[in-house]
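Contents: one structure, followed by commentary.
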Amino acid sequence: MQIIDQIFLLLGLSIVVASVSWTVTQEEIFREFREFAADRSRSSDSLFQRKFFYVFTCEYCFSHWVTLLFLLITGFQFLIDDIRGLLLSFFAVPWVANQWMSLYRRLRVEIKHENALAENAKSEAGE
């Protein structure tokens with residue numbers, strides 16, 4: 001596979017990983033499960049259980065598990081067509097996915113900030 005195709009697949013796969021990771025670890029639809037997992041990650045007696053449940057509260061950690069799932073499904077190998085390519089993929093995909101999530105978080109903060117400024121200006125104009 002040509003390098004440009006691999007980069008395109010890396011970007012596409014990382015967007016999917018970012019979307020799944022963000023949704024599970026940040027969005028309202030999974031809030032109850034995330035709160036349960038956060039509680040169990042702090043209060044469980046077993047080290048394994050604490051670490052297992054922590055994964056569902058951290059988008060960076062969770063993105064590696066999502067990447068593993070999608071690498072098993074797709075077999076994507078980055079740069080090298082063997083097990084080393086899978087290993088490179090395992091670290092490249094979540095890194096790019098986390099860049100996407102950082103951009104998304106920054107965009108959301110900027111939008112909330114602009115909305116707050118607009119509401120403030122609207123309330124000042126109404127007074």
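The values are calculated or read from the model by the stated rules, or taken from the named source; none is laboratory data. As the structure is a prediction and not an experimental result, all values here were calculated from the model. For neighbour counting, all protein chains shown are included, and Cβ atoms are generated from backbone atoms with ideal geometry for every residue, glycine included.
Before moving on, here are some points about what is shown:
- Among the residues of the range 48-93, the one identified as hydrophobic (A, V, I, L, M, F, W, C) and at positive phi is Leu79.
- Note on the range 26-43: residues that are in contact with a Phe, Trp or Tyr (Cβ under 8 Å, 6 or more places away or on another chain) and either modelled with pLDDT under 95 or aliphatic (A, V, I, L, M) (or both) amount to 2.
- Inter-residue pairs, beta-carbon under 8 Å, first within 14 Å of Phe56 (Cα to Cα) and in the range 11-25, second of a type in the set (D, E, K, R) and modelled with pLDDT of 95 or more, 6+ apart: Val24/Arg34; Thr25/Arg34
- Scanning the range 22-37 for residues that are within 24 Å of Gln99 (Cα to Cα) and in a helix (DSSP H, G or I) turns up Trp22, Thr23, Val24, Thr25, Gln26, Glu28, Ile29, Phe30, Arg31, Arg34.
- Hits in the range 65-85 - residues which are of a type outside the set (A, V, I, L, M, F, W, C) and over 15 Å from Leu10 (Cβ atoms): Asp82, Arg84
- Pair list, Cβ under 9 Å, 6 or more apart: the range 46-65 residue more than 16 Å from Gln26 (Cα to Cα), other residue assigned to a loop (DSSP other than H, G, I, E, B): Arg50/Ser44; Phe52/Ser44; Phe52/Ser46
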